[in-house]
Amino acid sequence: MFRKAFTEHPASVGETYWQHFRHANSFGIRMVIGGFACMLHAFLPFLFVKTGSNQISTLHDQMIVNRTKFPQPLDFVI
């Protein structure tokens, strides 16, 4: 049962645990960097003018558009 906690969600999106680990970390890093760029843009509007929207578009395409379609489980924690 303990193993299922680590493999059920990755399997639902067509990935192994380690594939999901790599993808989730790469998304997280891109989100953090994009977030910092947006915060700097708030103070200095001439910097990173399209960085935030470009990151969102890229991540959306990678996560939603190009992902193998599997039925999505309910997203809640018991």
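Out of the residues in segment 31-78 that are loosely packed, with under 10 Cβ neighbours inside 10 Å and either touching a Gly at 6+ places or on another chain (Cβ under 8 Å) or of a type in the set (D, E) (or both), state the one that is modelled with the lowest pLDDT.
Result: D75.
Looking at segment 10-24 only, could you name the residues that are among the charged types (D, E, K, R) and exposed (fewer than 13 other Cβ atoms within 10 Å of the Cβ)? Give the derivation first.
Taking segment 10-24 first, the residues among the charged types (D, E, K, R) are 15, 22.
Result: R22, single match.
What residue, among those in segment 12-22 that are in contact with a helix residue (DSSP H, G or I) (Cβ under 9 Å, 6 or more places away or on another chain) and modelled with pLDDT under 90, is nearest to I64 (Cα to Cα)?
Kept after step one, since they are in contact with a helix residue (DSSP H, G or I) (Cβ under 9 Å, 6 or more places away or on another chain), are these residues of segment 12-22: 13, 15-21.
Subsequent filtering for residues that are modelled with pLDDT under 90 retains 13, 15.
Values: V13: 11, E15: 14 Å.
Only one residue tops the list, namely V13.
Which residues, taken from segment 1-35, are assigned to a helix (DSSP H, G or I) and in contact with a Phe, Trp or Tyr (Cβ under 7 Å, 6 or more places away or on another chain)? Reasoning before the result, please.
Filtering segment 1-35 down to residues assigned to a helix (DSSP H, G or I) leaves 2-12, 17-35.
Hits for segment 1-35 are F6, T7, P10, S12, Y17.
The values are calculated or read from the model by the stated rules, or taken from the named source; none is laboratory data. Fair warning: this is a prediction, and the values are worked out from it, not measured in the lab. Neighbour counts run over all protein chains shown; Cβ positions are idealised from the backbone, glycine included.
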